[in-house]
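The values are calculated or read from the model by the stated rules, or taken from the named source; none is laboratory data. Not measured: the values here are computed from a predicted model. Reconstructed Cβ throughout: ideal geometry from the backbone, glycine too, with neighbour counts over all protein chains shown. Note: areas computed on protein heavy atoms with side chains; ligands, DNA, RNA excluded. Shrake-Rupley method; radii C 1.70, N 1.55, O 1.52, S 1.80 Å.
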Amino acid sequence: MARKADEKASPEPSSEDLEDEDENDEEAGGAGDEAEAEHLLRKSKPKPLLSSVPGAECDSSWVMARSLGMFLGMVALGVAGMMYLERLRFTTALYVVTQIVTTIGYGDFTVTSDSAQFFCSFYVLAILILAAYAMNPWMEALQKRNYEAMNKSWKSVEGVSGIQSYKRCNKLVVSTFYMLMFVLLGTVFYATYEDCHCSYGRSAVPDCNSESYNLCMKSGGYNKNWKTAFYMSVITLTTVGFGDHSPRSLMGRVIAVPWMLFGVAAMANWVNEVRSSFSDVRQAKKERIIFGHKSDHKGMFESMSISEGSRLTKAEFRCYCLMRAGLLNKTLLKEIDQHFDNLDSKDRAADGVHFDDCFPKEAVARATLRLVCSSTMAPDEMICTPSMLVPGSAS
């Protein structure tokens with residue numbers, strides 16, 4: 001009873017009040033569309049699989065530690081094998097194994113004994129597979145950490161809208177930075193430290209004097225200037241490894257071990273990001289076509305209608321969807337329509353195109369062969385089928 005009394009006591013809204021409420025609802029709805037869409041996108045965005053698994057971070061750390069241990073064990077095995085079979089020093093053996101892992105292959109050191117060659121044949125295959133397995137999680141973790149750090153710094157400078165506009169380029173920028181860093185590191189170090197060097201061990205220059213730069217040059221020492229150091233860095237990190245320039249000093253080869261390992265990985269990652277960026281550009285064009293604004297597709301939609309109306313038939317709608325997805329263009333569509341008009345001649349009793357009209361030569365050839373088969377060939381000489389004539393025996 002009290003509820004009914006309250007309903008009677010409350011005044012009924014007038015028509016003007018209802019119109020004001022509708023206008024306010026429209027304004028609020030229009031302003032909230034973007035917020036609602038953003039909320040739905042965030043809600044529908046899949047979460048990382050590992051984030052929902054208990055102990056995923058521990059498992060990831062264990063995988064990285066295990067892969068690193070296996071990789072270091074294989075490197076140690078290669079160093080020990082080179083020292084024993086080729087009688088190389090520890091630093092030289094480690095330098096040679098690093099060339100194997102990175103597939104650089106300068107050629108300044110090669111295996112000469114039969115036992116060492118047999119060992120390397122299997123070792124190279126095993127270490128390359130293990131290196132690909134071991135380096136991948138480490139490079140992904142390093143790139144992810146630096147990518148997130150750069151994202152954070154850019155957000156503080158540009159704001160959310162700015163970082164979204166450059167989001168496609170972030171990984172490419174990070175990978176380019178590391179690639180250039182390793183190229184610059186090799187250029188500066190080898191141009192200054194190995195401007196002229198007599199080397200040591202098997203690669204030592206006979207009667208070379210390394211007391212000064214001039215004496216080293218006169219006695220035939222290995223020379224590197226800024227141009228050759230930059231050239232060697234690029235050729236090395238791209239794993240081309242011509243071998244005309246390579247590290248010659250003891251310190252140069254020690255530095256070359258981590259420089260080649262991480263520099264080659266950074267160069268490979270950069271090449272992959274460049275390839276992905278070109279793919280992203282093409283994908284962005286397709287997305288602009290498929291998910292563009294409604295006004296961008298209105299002309300395309302209307303051009304599909306033969307009757308020039310506001311609605312499309314099923315066949316017209318199929319063409320519109322194919323064009324919107326970038327699988328069909330206007331030129332090809334016109335050629336198809338022209339081909340249909342040529343096949344659908346006016347003197348036919350029925351409208352449309354028959355299947356045999358699409359293959360006129362084949363239809364005539366089959367009809368001719370059927371006629372020849374039925375009139376000249378005996379049943380025991382040839383089998384006649386609707387699609388082919390196959391020599392054989394009677395059925």
Limited to the range 58-99, what total is found for residues that are open to solvent by 30 Å² or more (accessible area, probe 1.4 Å) and in a helix (DSSP H, G or I)? 24
Residues in the range 330-355 that are open to solvent by less than 80 Å² (accessible area, probe 1.4 Å) and at pLDDT below 80: how many? 6
If you go through 202, 248, the only one that is of a type in the set (Lys, Arg) and touching a Ser or Thr at 6+ places or on another chain (Cβ under 7 Å) is 248
Could you please let me know if residue 212 is touching a helix residue (DSSP H, G or I) at 6+ places or on another chain (Cβ under 6 Å) and more than 30 Å from residue 76 (Cα to Cα)? no
When you go through 254, 281, 264, 234 one by one, which is the residue that is within 23 Å of residue 102 (Cβ to Cβ) and either open to solvent by 60 Å² or more (accessible area, probe 1.4 Å) or at pLDDT below 90 (or both)? 254
Of the residues 203, 210, 249, which is over 21 Å from residue 111 (Cα atoms) and modelled with pLDDT under 95? 210
Step by step: first the residues of the range 170-209, then only those that are surrounded by fewer than 18 Cβ atoms within 10 Å (Cβ to Cβ) and of a type in the set (Ser, Thr, Tyr), then the one that is farthest from residue 245 (Cα to Cα). Which residue is that? 176
